[in-house]
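Here's the structure we're looking at; comments come further down.
Just so it is clear, none of the values below were taken in a lab; they were calculated from the coordinates. If you're wondering where the values come from, they're calculated on a predicted model, not measured in any experiment. All Cβ positions, glycine included, derive from the backbone under ideal geometry; neighbour counts span all protein chains shown.
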């Protein structure tokens, strides 16, 4: 393919390097340095998509971040990404892209029938139409709307790319590398400030790349290059291109998305695709420039109608002619600059200027070049369907109400300029109170809320000379305050052409008898008529008009449409624009990949993974792991072809008959030390702690102030002023914070220190009737008899030279011990236990068997201590001291907590002794009762009792105390089960607790 | 993201802290008779202030100290921060 619309020379592209790419299946050629948009235009491709609602043909409207149309689906290195602006995507070898929002193809799109039925799709159409009949919504309306809407398809595959997050701090952050950004950054850098300069495009320089100016003795572009080159050599400066600052958050925190690899055919090894920067800046200079705004006229969405600044950029930066018979339609001098640029390359234009008699240096130059200028003329409508073929033009009266005779002139593109809109998004996001500036018909930043200053055209200043002067000064003054250095910089001379006042004109009236669509929002297909409907139907607030019509709500955030929409509302309402106000700007300024936001926290990396010191042993011995909070714990150890059910049953049974060992390293452990340690425990736990002797452990329950159980565990008095507290795995962090809260804020007079020792100790629970024999062999010198080490006793021992702590505590309800050694010896301890235990038929057991054992014993755990239960509900009221006060005690007097029929833990057995009851099932009296069937309780935990060889569950049941022996139904609509059950005691096995004391 | 001046560690980002609610709430003394109303006020009843608010934060990923922060709930402006035992004048 030839690049028919590429000029011979010029532009900033690298003509030595040709790149081939595919669009909608067809292969084209472009150059290195092209954007996808410029490369397509060089090949004469103007039709790139279909509009959102009417599926009208759409081309290119802008050349950068403001582009509302050219959103494509990108294919790169086996991945696909939707919502890519062709104007922002740099070309690379092998790039593939497709149009979105069209079917079957962009040239023949069935959805375009909406265009001819458009009378049916006015503002609010969806709200009004899809309300009835209700049953139609899921089956008909929603699938239809879903298929019709959307801007591309997200990949369903795992994303192979990597995304990084980075935190950075700086003195000055500068958003945008146009003249104001460069001057501000340079001045600050010279004063030694730590500067970050961010540019969203690949090339630095902003407007200097396309304007015809001189700074010092060089062209604006050369000056920019020189400044950037110098900044890059300075150690206190970070210069970033392809980096968009998209959000301005509280306390001067800004977030920037750096596209590290999107311009390459594939991401380099060890490189991320994108990097998200969280930047805390002392001062922020916003030099985000301005975006040209369109003038509204009939069929102004036809491919070939584009911003005049975009046409100039395609020509000057990319060497591409967007047309060979251009028509320029302008209300200010910018249109002339585009016409002059065309003329320099031998292309004649016709300029329509809505102004009657404008005079300026730029216009003089255009005249001297012989450009055809028609004053007081406007474009009434573009003609052509998939591409502009001609334009209906007419003269316009001074009051801009009456059109003259319509003439038709041939053209292949219409370059439109309705003056410039400052990009105030970042300032507004930071909380700046923006104000309306009459001279430029646009909002500019006003009173700053945070440390931000907006410079240059983003601040409504369009003179280069003034921009440079203020920017150098601002950069210098702000940095001086921080670094206390003051290196004077000579401000260079500026040669620029003076321009004249623009025309306050933004919308061409409809000619008599014509009903052209005049679009305001090009991406969401919102036309003048839609806003008129909204106002006619009573919408007044601009926020409501926006939501009803969707004006400015597309992915381009209305960058080209907001102000014209405001002008229309203010005109109809007979108000001035500032009284109408603008809608709120919210981050992100441009769409940001979800991948970049998520960063490295994907899959297994979404939270830390903690492993016990015995992890590798578990792995080698066929453990199947389960996530327990951030820990990985063995769920069961598979033998042969066993499944979870078989393995856990075997493991639990072996604990009941021989001896088992379980890794309990994950339990939270807190060292409590100090003369007032006992007093603290006495206030934190519901039971009494002051008289616990050294060498003894006690089970305790702690409450929140609202009386709800927070956690449980055993705490052991290691020495006079030293206690070893254990918490559940899940609550470990919360309990530590809880203790710190009371020690630091409520009772600072208590002389106690708390510190987490969870990671310092490895723990093994040895449980089963043969556990004492095993323990004796592990510690031959100790007296571990029932008298020497009674239930809830503690002693220290020597495990083949390793110091060990031995607790006689039990979670399984069997005779059991817990041995702790310092973490580094964990694996040694474990292997020793397995080795010595062989003669007692020891087997390791996982969390599934652990649950089975505790459930059939009626021991409560996280599924009962679920943040909704008090001690009574868990049959723990025996541990609630009547004598002393403790955290949450007063709440236990609340009427609901002492109600006669208060919920309480019970055991549940299915009548058939066969059917397992799904956890979460509701207990009801009558399984046939009409819905909503009154719920009496819920199943909190279920297991297969190895003691009785039938299913057994725990439940929290209303009036549970008086329900033993009752027959109820366990219903699980999720699992579609109704199971007749009998309520029994929660202590299903060994109700008197004889085994633990044996 | 807020930028909080921990009186022990200096300026740190909000993601190092966890929020702890109204700092002006005082726990009733232990072993003291407390009416239902007083207890409810301590446990549940909070004003949802717009404007200056003294609140607790814990520097959970830092020095683990509970601190008091005077913050405007509408603008997020932080005026002053205090150590747990510092009197707020």
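Quick notes
- Equivalent ellipsoid dimensions for the range A:609-682 as semi-axes, Å, which come from the Cα gyration tensor, largest first: 33, 16, 10
- Label-to-label distance, nm, for residues given as residue A:368 and residue A:753 (7 Å Cα→Cβ offset): 8.4
- Averaged over residues, the count of other Cβ atoms within 10 Å places the peptides A:230-239, A:41-50 in the sequence A:41-50, A:230-239, highest first.
- Inter-chain shielding of A:245-256 (mean C-beta neighbours from other protein chains, 10 Å cut-off): 2
- Ellipticity estimate at 222 nm from DSSP helix runs (n ≥ 4, -39,500 (n - 2.57)) divided over chain A, nearest 500: -6000 deg cm²/dmol
- Inter-probe distance in nm under a simple model that places probes 7 Å from Cα toward Cβ, at residue B:78 and residue A:155: 3.9
- Anisotropy class of the range A:894-984 from Cα gyration tensor, a/c 1.5 cut: oblate
- Prolate/oblate/rounded call for the protein assembly as shown, Cα gyration tensor, a/c under 1.5 rounded: prolate
- Quotient of Cα Rg and 2.2 N^0.38 Å for the range A:372-411, N being how many residues it contains: 1.22
- With 5 Å bins beginning at zero, the pair-distance distribution over Cα atoms of the range A:148-195 amounts to 4, 15, 15, 11, 9, 9, 10, 12, 9, 5, 1, 0 %.
- The mean number of partner chain beta-carbon atoms within 10 angstrom of a residue's beta-carbon across peptide A:735-746 is 4.
- Among B:77, B:29, B:55: highest mean-square fluctuation, GNM of chain B, C-alpha pairs under 10 Å: B:29
- Using the empirical formula 2.2 N^0.38 Å as the baseline, the Cα radius of gyration of the range A:202-350 reaches a ratio of 1.30.
- Averaged over residues, the count of other Cβ atoms within 10 Å places the peptides A:19-32, A:345-358, A:783-796 in the sequence A:345-358, A:19-32, A:783-796, highest first.
- Across peptide B:79-89, the mean count of Cβ atoms from other chains lying within 10 Å of each residue's own Cβ comes to 1.
- Stretch gain in nm, segment residue A:397-residue A:357, where the contour uses 0.36 nm per residue and the Cα spacing is subtracted: 13.1 nm
- Cα shape, the range A:668-845, gyration tensor, a/c 1.5 rule: prolate
- Förster radius 41 Å - calculated FRET efficiency between residue A:691 and residue A:913 (Cβ-Cβ, nearest 0.05): 0.35
- The DSSP beta bridges internal to chain A are antiparallel in roughly 75% of cases.
- A protection proxy built from the mean count of other Cβ atoms within 10 Å ranks the segments A:522-534, A:978-990, A:163-175, A:429-441, most packed first, as A:522-534, A:163-175, A:978-990, A:429-441.
- Fully extended contour minus Cα-Cα distance, from residue A:863 to residue A:410, at 0.36 nm per residue: 155.4 nm
- Here the translational diffusion coefficient of the range A:551-661 follows from Stokes-Einstein with Rh set to the Kirkwood radius across Cα pairs; for 4 °C and 1.567 mPa s it amounts to 64 µm²/s.
- Residues considered: B:40, B:72, B:22. Largest GNM mean-square fluctuation over chain B, using C-alpha springs under 10 Å, is found at B:40.
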